[in-house]
Structures are given as C-alpha cells and as structure tokens.
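Notes follow once the structure below has been shown.
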C-alpha cells in the first residue's frame, strides 16, 4: 500500500508547520519531507506563525489546535482569514489531540479545510492532503472568482458542479447558499438550506436556514428555528448568537441575555459573544454581568483578531458606574479602570478618537471621586482632541461621547458632537431623540423629516427607472439634509445612472460634490463600501469622459 | 470548599484529557520508531506489534470514555457532514497500516469510489477505529472493511477470519455493557459506544444502529454499523 495511485507532487509546495511541542514539529516535518516537500517552515506559537504568513503565502499550513499560551489554532486561522494572509486556494489543516467536533461547532464561520486527529501517520496524512489538493484543483475556478469578488461567476461555476453531481456538489451547494445570503437573495438561499436540513441535522444548513429567516425579517419564525437547532444540536454555539439577536429584534433583551449567558457558559472563549453579552447586559442595567463580560472580552481579545478598543472603554465605563458601593471595592475598581485605560492608551497610541474617549472615561472617574480639577482637565483635553478628529463619529459612539461631555459640564461640546452626527445620520432615531433633547430649535428636525419624505419618493421612482423624477426629489432632499449619508448616496447613484443614459460631464461634477459632503463618514459604517464604490465609479467615468 | 465527590467527574475528565495527550505523543513516537525499522523486518515484529496494539487500545478507550462522559453531560457535539465513504474508509485502514504490517494481517477494502453519505466523520472514525483494533486482536490473517448501501442506509462492515463474537454477545446485542468478561478482559465498552454514536445519527424518524454477526463475509466475526 506504499505506492499511491495519485500523482500529486509536494516538491514545489511551501509548508508551514505550527505546533507547540518540538517533538511533534519534528515528527511532522519528517513526514512532510517523506512526501517530497522541501520548502518547510516551522513555528512554535501562533504569533510566530502569523508573522511568517505576513511575509509569504504558504500553500499548505498544518496547525495544532492547542498551542498553550497565546493564540490557539482557531484564532490563528481567523486572523489569517481576516487579514487576508491566506490565499483562497491554500490548504489549512487543523491537527487536534481530541475529537474536533467541539471546535467545529464553536466556529462554524471560520473552518479549516480539514481536521485530523492525532496521532496519525505519514500515509494517513498523505491520503488526506491528496484529497484536499484534488479538491482545490477541481474548484480552482471558483476560488479565483471568489478572490475577484465575482459572485455571479462563482455561483455559475457552483451550479455547474451541482448539476454534474460531482463529488464536490455539496460543498458547492454550501458556497452557493452563502453567496446568495450575502447578496440578500434570501428566498433562494433558504431553499437550499431547507432542502439539506429537512431530515438530517446538518449544522450549517440548519443554522443557515434560521439566519436567512431572520434576514427576511420573520423574527418569530426565526426564533422557532433557532430554538429547534439548539434543541437538536446544543453544542452549536453560533445558534445561540442568532437566537439572542432574534430576541433583541423581538424586543426581549432579557431573554437575549439569558441565551448569551448559556452560550458563554458552553463556550467561554468567543470574544465577539462576550462583547455582545456585555452590550445587552448594559442595556438591561445588569452592571455585574456587563462588567464580567467586557472584562472577558478584553482578556480573551488580547490574542485575537477581534481585539477591540470598545471593549476596553466599555469595561472601564462599567467599572466607573459601579463605583460607590463600598470603599474596598471602589479602590479595586478604580485601579482596574486605570490599568485598563493605560493598556488601551498604549496599544492604540496615535488613535485620537480612542485617546479622546479614554480621557472622557478618566474624567468620569475623576468626577465620581470628586476630583473636580482632574475632571475638568480631562474634559478640556478631550474637547481639544475632538477638534482634531478627521472622521465623524458613528451614532452609538457620538451618543456616548456627548453624554460624557454633558456630565463633565461641557454641554456646548456635547451639542456640537450630536449636531455633527445628526447631519450625517439624521435618519437615526436615537440620535434624533437625543439631539431634540438638547436642541431647542426644532427646525433642523423638521427639515430632516421633509428630506426623508422626498428621499422615499425618490427611491420608488429610482426603482421604476424614472431617473429624472427621482433626481428632482433627491436634489430637493439633499438641499434640506446635505450631509445625510443615505440621501447623498442615493442622489449620487441616480446621477451616475442618468449619466450612463446622457453622458453630460456636469452630472459627474455634481455627483462628486455631493459625495464630498459625506467624506467624513466613519469608515466602519455599513454604507462606507457603497460610498467608496460610487466615488471610484464617478472618478473612472470622469476620466473616461 | 467544594465537595470533593462533586468535583470528581471534572477531575476525572481533565485527567483523561491529560493522559490522552501523553498517549498521543507516545503513539506518534511509536509510529516514528516503526518507520525506522527496515520494511522487510517489520512483518512479525511481535514486541512492536504488542506495543502499538496496546497503546492503540488504551487510546481508543480514553476517546470513548471522554465521548461518553460528554454525551452524559449533553456536551457531545454532533457534526453531520457529507463525506466520501471510500476516502473515509481508506483513512481508517491507513491509520492502522503499521500495526497490520507488524501483525501480518491482510486488509481488504471494498467500497464504491463514488459513494457519499451523511455522518459525523470524527465520531464514526473512532467507532470504526476501535472495532478495527479489536478485530486485529482476534483475527487470524484477514480484515475486511466494506461499505455499501442497503435499504437506503449506509452500512459499514468490519469483518475478520478469527473465532467470531461469543454467543452471549450475539444474543444480547442490545446489552453490551454486561460487565467485564474475565477471560478476555473485554468490557463491551466499544460496542456500547458504537451503539450510542449510531443512535445519534438519524434520518427523519430512523436512527442508526449496530448489529453483530458471525461467519458471513469472512469466517470470523462481523460488525455492522447502519447509518440512515
């Protein structure tokens, strides 16, 4: 059985072996060498592996799941995918000392190409790698289309595999369903997921179906589906996240918190889940749970791509809020606030928005401890930083920042923050409400209401391809709310469509002008991609004109 | 202070975990040792065979204990995927290749290349691996791994040309955990485990199951795992 029927060569493939045990690294290297590989790098920690991957793209990565201190194999994989350090066609195999299913179920969205249980020998590894190479080879066209973000082509290629009932048909069906979901073609995606999960508990299909139902806005049906998934597959933790999100949508944040607590109990290591739990618990006024969750998010996040400054700030805020119970606890909390913010300031040095928010929290702490001079200094420092910011604040951050400025006695600054944000997000209810509280002059809000009405008319006309009528309404709307992101983007898009029918350069200049009005939008806004796309398109059209 | 008795299951589970890690290293090194023995000297190398067989057995038992512990606590995850059965069976054979060579056992694989089915790869692998290790112990010279579809169910067959399953086992095939058989040291854990894992696999109302036979495909024992 030594000779193998396939003729896959590993001589020209680059390997990375990641394991914390030197013994195992050596043994794996020997195996891989026996397969004919020559280009082999070794790493003992996740951090080391990632820095190697930052310099070159490996063809095959063999990573252990459990790497002791620091990142684990799953976190390495997540970071490689998020940072795009892994080619689509590369192969990532997770080696595990125990049954891997728990890992699979906890991280359904970032899956390696295969899990292989230790111990294994050369022949078993070779058989597995051969199959994976064959698969990548067969699906290379799809990988290429996905790399180019050519969704239509990728779906077409998937269909070809599915129709020919190839051995990769099911894998392609999954890829297709996920692509349809991304495109928000929910009904088509639902059909695939439903057909696959009808009578067998196929985890990703069951979960996909519930997710799509939620995407379609059928929260009650989605709740039933998520609950059914959890009943059948209680270890599938992403289902709890979906159910929690559904409960929030149904206006039941307490139930959402319970569900997340259960998920966190089952799988405590997910940073995003801890931070979600923190947010919901804060909203529920459960300071203790919120503090614990944000603390976990901070601690677990240190080694993760999901490390997020918000968790540090929220932890500090929760701790500040909790101060006032008893002197011993208070001392401990205030120490933790300072420690947390110090780490934040060090890790995010140079990020003015973070520095400002950190200062504001320090100010809140000082105020709570009756150190009024320190509080005033922090507030002044923060308002200085606010002026130096080069992009606007997202609504939730603007609300938080404004509230702190207000507490620190800087009502004028708070008003500016909200006004700035309200211009970009005049359709955000929370911002409107808060702004209305501070703003005696309700003229701005009236204008926005009018603008949104016009925007609605414009959208209907745009969909009917009546671009001239739509443009009339959008132009009117954009005059009333010149920095509202949605209205500006809609106007710009209509101008581009109109230009395609009547190539008049003035349309493009007008379009560019509108886009410039929202240039300061936060880069993490969902519409940022659309903004960039329109900006690029306008510039391309201008050049081609 | 917590009650020591209440802590026991957790302590046990984490110890098993620890032991399993060490054992993994042991088995991995053992494979490396076998690789160093010139191929022509491997067949019939009795001591190495004993080492590898016993280590594999301990490993299998631990895998099963951990899985059953989790099953009892509703923590055993089930990940039904769609897999190529031939690839799967081939891998199970290859994993045991060194042991088969050392013990001079001939392995036959019989499965349609295009056959694909829904099952949990890892769990079914530990079931098959365990039965294979067991058969290696009892077989005379041959081992058959077969997979086919019967009545819309996938059937895995592990057959050997040894003395076959004892009559008591065949007759009470639903009660494997009969206690330790003093003459063989068998606890029936493997079959109990197989039955539990089979039952987790369902299709509509139908659940998976295990069946034991003697002298059908080969003269010895025959283990059959049905997955709907």
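The values are calculated or read from the model by the stated rules, or taken from the named source; none is laboratory data. All figures in this text were calculated on a predicted structure; none of them were measured in a lab. Reconstructed Cβ throughout: ideal geometry from the backbone, glycine too, with neighbour counts over all protein chains shown.
State whether the residues of the stretch A:120-140 include one that is more than 30 Å from residue A:26 (Cα to Cα) and within 10 Å of another protein chain (Cβ to nearest Cβ).
As a first pass, look at the stretch A:120-140 and keep what is more than 30 Å from residue A:26 (Cα to Cα): A:138-140.
Remaining after also requiring within 10 Å of another protein chain (Cβ to nearest Cβ): none.
For the stretch A:120-140, residues more than 30 Å from residue A:26 (Cα to Cα) and within 10 Å of another protein chain (Cβ to nearest Cβ): absent.
Applying the set (1) surrounded by 13 or more Cβ atoms within 10 Å (Cβ to Cβ); (2) more than 35 Å from the chain's Cα centre (by Cα); (3) without any contact (Cβ under 8 Å) to a residue 40 or more places away in the chain to residue A:40 leaves exactly one unmet item: (2).
Taking the stated definitions as given, is residue B:99 over 30 Å from residue B:204 (Cβ atoms), crowded, with 20+ Cβ neighbours inside 10 Å and free of Cβ contacts under 8 Å to residues at least 60 places away in the same chain? Lay out the reasoning, then the answer.
Values: over 30 Å from residue B:204 (Cβ atoms): yes; crowded, with 20+ Cβ neighbours inside 10 Å: yes; free of Cβ contacts under 8 Å to residues at least 60 places away in the same chain: yes.
Answer is yes for this residue.
Being within 21 Å of residue B:64 (Cβ to Cβ), modelled with pLDDT of 90 or more, more than 14 Å from chain A (Cβ to nearest Cβ) and not in a strand (DSSP E or B) is a property that residue B:135 has. Would the stretch A:213-225 turn up any residue that is within 16 Å of residue A:279 (Cα to Cα), under 22 Å from the mean Cα position of the chain (by Cα), assigned to a helix (DSSP H, G or I) and away from chain B (no Cβ under 14 Å)? Checked the stretch A:213-225: no residue is within 16 Å of residue A:279 (Cα to Cα), under 22 Å from the mean Cα position of the chain (by Cα), assigned to a helix (DSSP H, G or I) and away from chain B (no Cβ under 14 Å).
Output the residues belonging to the stretch A:59-71 that are within 25 Å of the chain's Cα centre (by Cα), away from chain B (no Cβ under 14 Å) and either under 26 Å from residue A:127 (Cβ atoms) or modelled with pLDDT of 95 or more (or both). Scanning the stretch A:59-71 gives A:61, A:63.
Restricting to the stretch A:144-187, give me the number of residues that are away from every other protein chain (no Cβ under 14 Å) and not in a helix (DSSP H, G or I). Reasoning before the result, please.
Of all residues in the stretch A:144-187, those away from every other protein chain (no Cβ under 14 Å) come to A:144-160, A:163, A:176, A:178-187.
Still in the running and not in a helix (DSSP H, G or I): A:148-150, A:183-185.
Residues flagged as away from every other protein chain (no Cβ under 14 Å) and not in a helix (DSSP H, G or I) within the stretch A:144-187 amount to 6.
Taking (1) over 22 Å from residue B:201 (Cβ atoms); (2) more than 10 Å from every other protein chain (Cβ to nearest Cβ); (3) in contact with a strand residue (DSSP E or B) (Cβ under 7 Å, 6 or more places away or on another chain); (4) in a helix (DSSP H, G or I) in turn, residue B:127 satisfies each apart from (1).
Scanning the stretch B:63-119 for residues that are facing chain A (nearest Cβ under 10 Å), more than 27 Å from residue B:161 (Cα to Cα) and assigned to a helix (DSSP H, G or I) gives B:66, B:67, B:70. Condition check for residue B:180 on (1) closer than 26 Å to residue B:49 by Cα; (2) modelled with pLDDT of 85 or more: one failure, at (2).
Which residue, of A:81, A:50, A:91, is closer than 30 Å to residue B:67 by Cβ, buried (at least 19 other Cβ atoms within 10 Å of the Cβ) and either away from chain B (no Cβ under 14 Å) or out of contact with any helix residue (DSSP H, G or I) (no Cβ under 6 Å at 6 or more places or on another chain) (or both)? Step through it out loud before you land on a result.
Working: A:81 fails: buried (at least 19 other Cβ atoms within 10 Å of the Cβ); A:50 fails: closer than 30 Å to residue B:67 by Cβ.
Within the list A:81, A:50, A:91, the selection yields A:91.
Being under 21 Å from the mean Cα position of the chain (by Cα), modelled with pLDDT under 90, facing chain A (nearest Cβ under 10 Å) and crowded, with 17+ Cβ neighbours inside 10 Å, is that true of even one residue in the stretch B:39-48?
Within the stretch B:39-48, the first condition is being under 21 Å from the mean Cα position of the chain (by Cα), and the residues that meet it are B:48.
From what is left, the residues that are modelled with pLDDT under 90 are B:48.
Add one more test, that the residue is facing chain A (nearest Cβ under 10 Å), and what stays is none.
No, that holds for no residue.
Inclusion of residue A:229 among residues that are part of a helix (DSSP H, G or I), out of contact with any strand residue (DSSP E or B) (no Cβ under 8 Å at 6 or more places or on another chain) and at pLDDT 95 or above is not warranted.
So in the stretch A:304-323, with the set limited to residues that are part of a loop (DSSP other than H, G, I, E, B) and in contact with a helix residue (DSSP H, G or I) (Cβ under 6 Å, 6 or more places away or on another chain), which one is surrounded by the most Cβ atoms within 10 Å (Cβ to Cβ)? Quick ask: steps written out before the conclusion?
So the first thing to find is which residues in the stretch A:304-323 are part of a loop (DSSP other than H, G, I, E, B), and the list is A:304-308, A:323.
Now drop any that are not in contact with a helix residue (DSSP H, G or I) (Cβ under 6 Å, 6 or more places away or on another chain), which leaves A:304-307, A:323.
Details: A:304: 21, A:305: 19, A:306: 19, A:307: 16, A:323: 18.
Ranking the qualifying residues of the stretch A:304-323, first place goes to A:304.
Quick check on the stretch A:443-463. Is at least one of its residues part of a loop (DSSP other than H, G, I, E, B) and either at pLDDT below 90 or out of contact with any strand residue (DSSP E or B) (no Cβ under 7 Å at 6 or more places or on another chain) (or both)? Checked against the condition, which is being part of a loop (DSSP other than H, G, I, E, B) and either at pLDDT below 90 or out of contact with any strand residue (DSSP E or B) (no Cβ under 7 Å at 6 or more places or on another chain) (or both), the stretch A:443-463 yields no hits at all. Say whether the condition of being within 14 Å of chain A (Cβ to nearest Cβ), surrounded by fewer than 13 Cβ atoms within 10 Å (Cβ to Cβ), at pLDDT below 90 and more than 14 Å from the chain's Cα centre (by Cα) is met by at least one residue in the stretch B:195-215. So far as the stretch B:195-215 goes, yes, one or more of its residues are within 14 Å of chain A (Cβ to nearest Cβ), surrounded by fewer than 13 Cβ atoms within 10 Å (Cβ to Cβ), at pLDDT below 90 and more than 14 Å from the chain's Cα centre (by Cα).
Total residues in the stretch A:263-293 satisfying the condition of being over 18 Å from the mean Cα position of the chain (by Cα), in a helix (DSSP H, G or I) and modelled with pLDDT under 95: the figure is 8. Just one of the listed residues (A:276, A:252) is away from chain B (no Cβ under 14 Å), over 28 Å from residue A:176 (Cβ atoms), out of contact with any helix residue (DSSP H, G or I) (no Cβ under 6 Å at 6 or more places or on another chain) and crowded, with 20+ Cβ neighbours inside 10 Å, namely A:276. In the stretch A:194-206, of all residues being within 14 Å of chain B (Cβ to nearest Cβ) and in contact with a helix residue (DSSP H, G or I) (Cβ under 6 Å, 6 or more places away or on another chain), the one that is nearest to residue A:232 (Cα to Cα) corresponds to A:201.
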